[in-house]
């Protein structure tokens, strides 16, 4: 492996959006003292923690950036003591701090007044921030919705960006891009496996693995029973010499079992076409190379991340997921210009030469999938 990534995989959420978390960037402002900025940071951390939206100690591309604009800060002299008053606007912005994507922003008015001048008023303003205020709940909920929509729409581009960062020697940024993909979008499992592949460690079995959407129906096939034809005994005859015995009838040859046909089912046949060109087994390397061809009929995308997701052999064994690859990777970035046939090579490793075919294979990309049944293997 070219990279070593020491990033923990994100945990699965208990409900939609709960797994989307943000790093909190420190508030930087020349208009307030450092201790006031620190106090505001503490209040914001409490607010994010109340919605389980704060990530600490994780490599995370998602962040909340707070900014403070002081609109009015005055001091008035009373009869006995000086009184300070301040008005300001706190703006929270949810972003991807690696690529600069802005998801959502909300501005919250703040006020404070206290005896002792402007500095005391600023401290009172920070103390007056209530982490339980619904405005912070709304900000997190809306930010999570925007993040989820963004990743659902731009999955392929985000995964490509992460791969480019990894290839160009920026493993931490690549890990952050992959680790911030929410679990409810389609490319989550691909991002998770790419992160494990880049780190050189096998990924755990996903808690909510995708099961095949194919229903297998067992059917009984009648097997012909061959009854030997009895040899007739010649009847006695008054002839002095016995007649020669007839030769026994030949036993009929067993009927040949019908050869199972390869069947390909497409999730959206109006959107794309797919066919198998060859399926060759390399006995010296215990590998099977499958060459497929895809044509984008009207998918509204220039590229997809494709992966050979499942394979069951003729012996009834499911091939481990880490033995399946697409163009040499766990999942591969595929350009799919419309109406252009694109050849794609899939590989199944550690296959015994006793395997004569694959009873089922599944290829997935985005919201689409290809199911292949009874694919014979031609061994070299």
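No value in this document is a laboratory result; all are computed from the given coordinates. This one's a predicted model, so the numbers in the text were calculated from it and none came from an experiment. Virtual Cβ from ideal backbone geometry, glycine too; neighbours counted across all protein chains shown.
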Gain upon complete extension [residue 266, residue 91; 0.36 nm per residue less C-alpha separation]: 58.2 nm
Relative contact order, percent, the stretch 292-367 [alpha-carbon distance under 8 Å, six or more residues apart]: 47
Inter-label distance for residue 315 and residue 380, nm, one decimal - labels placed 7 Å from Cα along Cα-to-Cβ: 2.2
Whole-angstrom Cα spans of the stretch 23-154 along principal axes, big to small: 62, 26, 25
Burial ordering of 99, 30, fewest other beta-carbon atoms within 10 Å first: 30, 99
Residue 31 versus residue 106: modelled label distance in nm, points set 7 Å from Cα along the beta carbon direction: 2.1
